[in-house]
């Protein structure tokens, strides 16, 4: 099996008013402050009152990635302190 690497070459960081993105990780509610604009994109692109199965799957994938990123950041923070 070959390893595939994907590079992200552009990151945009906005500043200004914040909203809290709520994420549950291992039974703990995590509040991640994000810019209003980023939160608006999340709501526009991912949040649905009555999602189709495909939309549920996409949302679940994003939430799993967020959970994994949070856990990795927490783990990295422990090793650097």
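The values are calculated or read from the model by the stated rules, or taken from the named source; none is laboratory data. The structure displayed is predicted, hence computed values, not measured ones. All Cβ positions, glycine included, derive from the backbone under ideal geometry; neighbour counts span all protein chains shown.
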With the checklist (1) exposed (fewer than 11 other Cβ atoms within 10 Å of the Cβ); (2) at pLDDT 90 or above; (3) in contact with a helix residue (DSSP H, G or I) (Cβ under 8 Å, 6 or more places away or on another chain) in hand, flag the one item residue 24 doesn't pass. (3)
Just give me the residues in the stretch 44-57 being in a helix (DSSP H, G or I) and closer than 18 Å to residue 24 by Cβ, in sequence order. 56
Name the single residue that is surrounded by the fewest Cβ atoms within 10 Å (Cβ to Cβ) among those in the stretch 27-66 being modelled with pLDDT of 90 or more and touching a helix residue (DSSP H, G or I) at 6+ places or on another chain (Cβ under 7 Å). 51
Yes/no for residue 69 being touching a strand residue (DSSP E or B) at 6+ places or on another chain (Cβ under 9 Å), part of a helix (DSSP H, G or I), without any contact (Cβ under 8 Å) to a residue 24 or more places away in the chain and surrounded by 11 or more Cβ atoms within 10 Å (Cβ to Cβ): no
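When you scan the stretch 16-43, how many residues do you find that are touching a strand residue (DSSP E or B) at 6+ places or on another chain (Cβ under 9 Å) and part of a helix (DSSP H, G or I)?
First, the residues of the stretch 16-43 that are touching a strand residue (DSSP E or B) at 6+ places or on another chain (Cβ under 9 Å): 16-24, 29-36, 38-40, 42.
Still in the running and part of a helix (DSSP H, G or I): 36, 38-40, 42.
Residues flagged as touching a strand residue (DSSP E or B) at 6+ places or on another chain (Cβ under 9 Å) and part of a helix (DSSP H, G or I) within the stretch 16-43 amount to 5.
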